Amino acid sequence: MKLLLVCYAGMSTSMLAQRLVEEGEGRGIEVEVEAVPMTELESNLEGVDAVLLGPQVRFAEKDARAMVGDRAPLMVIAPQDFGMMRADNVLDQAIALIG
């Protein structure tokens, strides 16, 4: 499963990205996560199974959905899950989003 994790500058998501990979490993699921800033969203959609927006860029959800179109499902990570680095919740939601 390839996830694109989007934040404002691409920095704050790196810790969550690592935790998502580790959570996947613990479940026996291969999870690849790429963390990118919002400005690089459109150029990083190749092969992505889902796009996860950090809560700090939720204001740009409409723009992100326009960029992504029907290439991948998109969700905004809940602020509490992001703030507490709850990779288990985020991964559960990503799996449900992908179907």
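The values are calculated or read from the model by the stated rules, or taken from the named source; none is laboratory data. Keep in mind that what you see is a predicted model, and the values were worked out from it rather than measured. FYI the Cβ positions are ideal-geometry reconstructions off the backbone, even for glycines, and counts take in every protein chain you see.
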For the range 40-55, what are the residues that are polar (S, T, N, Q) and either at pLDDT below 95 or within 11 Å of residue 72 (Cβ to Cβ) (or both)?
-> 44
What do you reckon, is residue 36 touching a Gly at 6+ places or on another chain (Cβ under 6 Å) and in contact (Cβ under 8 Å) with a residue 60 or more places away in the chain?
-> no
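Residue by residue, here is whether (1) among the β-branched types (Val, Ile, Thr); (2) surrounded by fewer than 15 Cβ atoms within 10 Å (Cβ to Cβ); (3) under 13 Å from the mean Cα position of the chain (by Cα) holds:
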position: 4; (1), (2), (3): no, no, yes
position: 18; (1), (2), (3): no, yes, yes
position: 56; (1), (2), (3): no, no, yes
position: 62; (1), (2), (3): no, yes, no
position: 73; (1), (2), (3): no, no, yes
position: 93; (1), (2), (3): no, no, yes
Within the range 67-82, residues out of contact with any strand residue (DSSP E or B) (no Cβ under 8 Å at 6 or more places or on another chain) and in contact (Cβ under 8 Å) with a residue 24 or more places away in the chain come out as 67, 71, 79, 82
